[in-house]
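Student: Here it is, the structure, as structure tokens.
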Amino acid sequence: MAKAYTPGLKVAAHSTYRSRRLLPIKGEVLVRVGDLVNPSTPVARTYLEGEATPMKLANLLGAQPRELPSLMLKPVGSRVANGEPIARSKGIFGMMKTEVKSTAEGTIESISETTGMAIIRGEPIPVQVDGYVAGSVVEVIEGEGVVVEAQAAVVQGIFGVSGEASGPIKVVCAAPTEVCDTDHIDASCKGCVVVGGARMTAAAIKKAKAVGAAALVSGGLDDSDLRDFLGYDLGVAITGTEKTGLTVIVTEGFGDIAMADRTFHLLKGLEGRLASVNGATQIRAGVMRPEIVVPLDDAGVAAAKAAMAARLAASVAHEEGSLEIGVFVRIIRDPHFGVIGTVAALPEAPAVLGSGSKARVLDVKLSDGTIVTIPRANVELIEG
Amino acid sequence: MVAPEQHAGHLENASAADSAHAPGPAAGAIKIVVATDCGSTTTKAILIQEVDGVFRQTHRGEAPTTVEEPFADVTVGVTNSVTELEELSGRRLINPDGTILRRTSPTDPNGCDIYISTSSAGGGLQMMVAGVVRQMTAESAKRAALGAGAIVMDTIASNDKRRPHEQIQRIRELRPDMVLLSGGTDGGDTKKVTELAELIAPAKPRPRFGGEYSMPIIFAGNKDAAPGVRKVFQHGGFDLSVVDNLRPSLENENLGPARDRIHDVFLEHVMAHAPGYDKLMRWSNAPIMPTPGAVGDILQAIARGRNINAIGVDIGGATTDVFSVFGPHFNRTVSANLGMSYSISNVCAEAGMANILRWVHLTQMDERELRNRVKNKMIRPTTIPQSLEALIFEQAVAREALRLAYIQHREFATNLKGVQQQRTVGDTFAQKQGGSSIVDSLALDLLVASGGVLSHAPRMEQTAMMLVDAFEPEGFTELAKDSIFMMPHLGVLASVHERAAMEVFERDCLIYMGTCIAPAGTAVWGKPVAKYSIDGVGQGTLLGGEMKRFALAGDARARAEIAPEKGLDVGAGPGKPVTREIRGGTVGLILDGRGRPLVLPSTREECRTAMDSWVKALDLYPS
């Protein structure tokens, strides 16, 4: 019998975190194995080919394409400045010559006798990759980049916008059930990874951005507030490239929903430490979730390991990713959306749901002792 | 006049790519077939066996697709799904090394005769197409790419209103698997298409998989421009192949050679670089086809076999594919961001919440909560509706996704544009413009549904109603659904054993839901729109705005006589009666008196009340 896996989001007090820091095309690696890096350390660099500007020179000169090479003032491979004359017509009896000036700065890459078009290639565009997380280089991928490793606490969110950022953790809500609003955000949040509790309001996001926070993390977010923040309605969950000036990470989902207790208390315990965050989310092939990575020192690692061992002893041992009785799950669809409980039973036979569909289900025991029956597709494991 | 697409079967059209596959036995010796479809999330395997001289699908198995890490080998998922077939059928199908077991003799109780597969894993086949004129060669190029099963990421044309540097920037951003370049009719101008090549070359598009391999470019334009195009692409890491012009003249489209080359390049480059596909290609007895390409092939085979017009729709989590066969014309469109999970939020954004709520008959619906619910489905796409209310809302969203995808399809599936037409005074008003839609709802005979929200609806009536509301079929239309999404498997099977594919399609693949009869034209609500007399059902009057359903079980056929009111049409012309045989099914006969095009009441309350009456008439949901 095939095993059913129900992947969940990672909430780990300690994990060996690895990040592949790769260039988009081949280039130069700037660090060596064993080097220590911090989030802003450049680790690799390359140059993308400059922008190509096409110019229909033959048309502009009123000449035939095949005549173009003889009308060029500079040959292929020459550098030209923006506004510099690059081609001139023969004119009539040497008079009334037409001159064409380059519309871009760069190098003349090609001249076509078929179409009369020239391509001006702009300056190479430098691209640099930084370390992202404080850790050590454990692998160099020649010409491509490096792998940075850190002993860290790792929390995966469910959804985020905007890319990488870093800063010290600052927890602004007293409880995971507290809505994160403007009262919680002030000037002291500048440069910080601000951690709220339950839903973050539109006003809180706006204020966090205004005071210069690096990121805002909370349990939930209203769809309409996301739309206000982005300025458009997000259709497909592929994010990370937004230029919003603030990375936003939601740990649980959309709507009024409290941050999971474990996530909140883990982040609370890490207050003041330097965190690296990335809001990039991609739900389709090659799933990517937003993350909060907090590198730990030796003492931090020891404390985290002890806490995890204690938790493990108190819970049921299970294979990672496997749905078993006793493990913690989060219900991820209404009518019990966001509620956390433990698996109480895993009936073999499919059951008829309220919708009339037939599906395999499980029983979940909630914190108040109530047992609810939920389709297996509607729960996720809380991994750590 | 458009030339029918010349699509050669893959085995007849042997190429370098085909040699990667194990040769299979002759069609007459094939009795047992294992077929898989490697989807983005699930690999589905079916076992087809000849039983009493007829091919039947006997077992099915599925397992998660394993293209992504930690497995990064598609064959792991294939082996797992076929293992499930093994367990269910009691027939050993897997060798100890995990490969597919073949029979050693006709009496061998284990193994199969051939193994075949389709694939859409890893995002399927993604292409960029280019042509000189957007409405002509660029559109033909798009049709060729879509027909081959590709997702078209962008269409670049000389007149697409983008400036050349903007086009170059766009090409740089895309990471297609290959580029199809067309332009110019044979013997015509060569300059414009060469200019396009000169825009693509400096942009240096990078392939999606394996940055190290050369970007495949297929040139299917003016044959006189080929030498110039070759010169442009000779440096810079391109792999150019030149095939026959896909638009040799304005009046003719010749998509076959371009489509075949797309399939070859798909196998040689894209599949060969996807994890585990080199192995899978060696296991398979026929070239691996892109899933939508295979679905299109089987739908064409069926429509032509039965001499009918057909539409197929596959609504997935991210995209909705619509296929149509009207006479000699085959068209396929992919609505890239109309889907029920990954793209559900985009459906709501495009359709608007008010349009979605038109299909909801419940009273208490909080819009803020619905919006959050949509976003939660987007970020956790594998969840299923647990409550009836959630199901009703999801099916309302599906109607809008299907409706929008169908609009896009109708706009794309047109006669060739740019064809000069000779007219006489007499046909000035009757003759259609070039570029008018080929899709004619009144001439549609069969509408086939597949995809989660349609296939897994708890009641067949729900599936039928979603189709009727979204596609607005006119006149007489049979409704069916693909029982277990078997059309891809049968599409590739048809290329090696057409009879087997046809037999399984009719017996096991399609579940007929019945027939919808809907007079086209404006219906005055509450006033008669048609009189009906149906054998075994009775006779009566259908009123405007009314829906009726009559049981007509299984494969039962009945004679139906429909006499529409003046101005309304069921196929013979306005006001003219039609008598014909209709097919029954799991739902039976649906009489739809709402008129076409379908115009719903403008206020939310009136609309809700009307929807409530249709829900009751068709017994859509438990009361």
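The values are calculated or read from the model by the stated rules, or taken from the named source; none is laboratory data. Remember, predicted model here, so these are calculated numbers, not experimental data. Ideal geometry is used to build each Cβ from the backbone, glycine not excepted, and the neighbour counts take in all protein chains shown. The area values use the complete protein model at the heavy-atom level, side chains included, leaving out ligands, DNA and RNA. Shrake-Rupley method; radii C 1.70, N 1.55, O 1.52, S 1.80 Å.
Student: Say a site is exposed when it is one of the chymotrypsin sites (Phe, Trp or Tyr not before Pro), sits in a DSSP loop, and has at most 14 other Cβ atoms within 10 Å; what is then the longest site-free stretch of chain A?
Tutor: A:233-384
Student: Rounded to whole Å and sorted largest first, what semi-axes of the equivalent ellipsoid does the C-alpha gyration tensor of the stretch B:124-259 yield via the square root of 5 times each eigenvalue?
Tutor: 20, 16, 15
Student: Still on this structure, I have one more. Given the pairs A:365/B:44; B:375/B:548; B:44/B:481, which span a C-alpha to C-alpha distance of over 28 angstrom in this model?
Tutor: Violating the 28 Å limit, Cα to Cα: A:365/B:44; B:375/B:548.
Student: Separate question: Taking the full set of protein chains and a 1.4 angstrom probe, give the accessible area of residue B:213 in square angstrom, rounded to the nearest 10.
Tutor: 30
Student: From the phi of every residue in the stretch A:224-232, what ³J(HN,Hα) in whole Hz does the Karplus formula 6.51 cos²θ - 1.76 cosθ + 1.60 yield, where θ is phi - 60° and glycine or proline is x?
Tutor: Karplus-based 3J(HN,Hα) across the stretch A:224-232 equals 5, 6, 5, 4, 4, 5, 7, x, 7 Hz.
Student: In the stretch B:272-296, whose amide N lies under 12 Å from the spot 7 Å out along Cα-to-Cβ of residue B:95? List them in ranges.
Tutor: Answer for this model: B:282-284.
Student: Let me know the whole percent of all Cα-Cα pairs from the stretch B:196-316 that are separated by more than 21 Å.
Tutor: For the stretch B:196-316, the fraction of Cα-Cα distances above 21 Å is 56 percent.
Student: Moving to a separate point now. Please report, largest first and rounded to whole Å, the three semi-axes of the ellipsoid equivalent to the stretch A:52-121, where each semi-axis is the square root of five times an eigenvalue of the C-alpha gyration tensor.
Tutor: The equivalent ellipsoid of the stretch A:52-121 has semi-axes of 19, 13, 9 Å.
Student: Give the percent of DSSP beta bridges with both residues in chain B that are antiparallel, rounded to the nearest 5.
Tutor: 60
Student: If one puts a single equal scatterer on every Cα of the protein assembly as shown and applies the Debye formula without solvent, what log₁₀ I(q)/I(0) results at q = 0.07 Å⁻¹?
Tutor: Ignoring solvent entirely, the Cα scatterers give -0.70.
Student: Before anything else, pin down the relative contact order of chain A: Cα pairs under 8 Å, at least 6 apart, normalised by residue count, whole percent.
Tutor: 17
Student: To continue, here is another question. Looking at chain B, what % of the alpha carbon pairs are farther apart than 41 Å?
Tutor: 29
Student: How high is the relative contact order of the stretch B:310-618? Use alpha-carbon pairs under 8 Å, at least six apart in sequence, and give a whole percent.
Tutor: Relative contact order here is 16 percent.
Student: So what is the calculated 222 nm ellipticity per residue for chain A, using -39500 (n - 2.57) for each DSSP H run with n of 4 or more, over all residues, to the nearest 500 deg cm²/dmol?
Tutor: Rounded to the nearest 500, the figure is -4000 deg cm²/dmol.
Student: Roughly speaking, what % of Cα-Cα pairs in the stretch B:20-163 are separated by over 21 Å, rounded to a whole number?
Tutor: In whole percent, the share of Cα-Cα pairs in the stretch B:20-163 beyond 21 Å is 55.
Student: A follow-up question, please. Probe 1.4 Å, all protein chains in place: accessible area of residue A:74 in Å², nearest 10?
Tutor: 60
Student: While we're looking at this one, here's another question. Dividing the Cα radius of gyration by the Kirkwood radius, what Rg/Rh value follows for the stretch B:310-618?
Tutor: With Rg and the Kirkwood Rh in hand, the quotient comes to 0.97.
Student: Gaussian network model of chain A, Cα springs within a sub-10 Å range: biggest mean-square fluctuation belongs to which of A:331, A:158, A:283?
Tutor: A:283
Student: As a check on your grasp of the helix formula, calculate [θ] at 222 nm for chain B: sum -39500 (n - 2.57) over DSSP H runs of n ≥ 4, divide by the residue count, round to the nearest 500.
Tutor: Rounded to the nearest 500, the figure is -9000 deg cm²/dmol.
Student: So what is log10(I(q)/I(0)) for the stretch B:322-385 at q = 0.20, 0.28 1/Å, when the Debye sum runs over its Cα atoms only?
Tutor: Evaluating at q = 0.20, 0.28 Å⁻¹ gives log10 I(q)/I(0) of -0.85, -1.23.
Student: Quick query: amide H of residue B:276 versus all other amide H atoms, modeled in the peptide plane; which residues come in under 5 Å with a sequence gap of 5 or more or a different chain?
Tutor: For residue B:276, whose amide H was placed from the backbone, the distant partners under 5 Å are B:74.
Student: Sticking with this structure for a sec: Starting from the Cα gyration tensor of the stretch B:238-287, multiply each eigenvalue by 5, take the square root, and state the resulting semi-axes largest first in whole Å.
Tutor: In descending order, the three semi-axes are 29, 12, 6 Å.
Student: Here's another thing I want to ask about it. Of all GluC sites (Glu not before Pro) in the stretch A:127-211, which ones are in loop regions per DSSP and have a Cβ with at most 10 other Cβ atoms within 10 Å?
Tutor: A:142
Student: Round to a whole angstrom and tell me the spacing of the C-alpha centers of the stretch B:451-469 and the stretch A:68-138.
Tutor: 58
Student: Sorting B:107, B:66 by accessible area (1.4 Å probe), largest first, what list results?
Tutor: B:107, B:66
Student: Which peptide among B:385-394, B:584-593 comes first, and what is the full order, when sorted by highest mean count of other Cβ atoms within 10 Å?
Tutor: The packing order, highest mean first, is B:584-593, B:385-394.
Student: If you don't mind, there's one more thing I want to ask. Evaluate peptide A:253-260: per residue, the Cβ atoms of other protein chains within 10 Å of its Cβ; return the mean as an integer.
Tutor: Whole-number average of other-chain Cβ neighbours for A:253-260 is 4.
Student: Using the 2.2 N^0.38 Å rule of thumb for compact globular proteins, work out how the stretch B:449-561 stacks up: its C-alpha Rg over that value, please.
Tutor: 1.27
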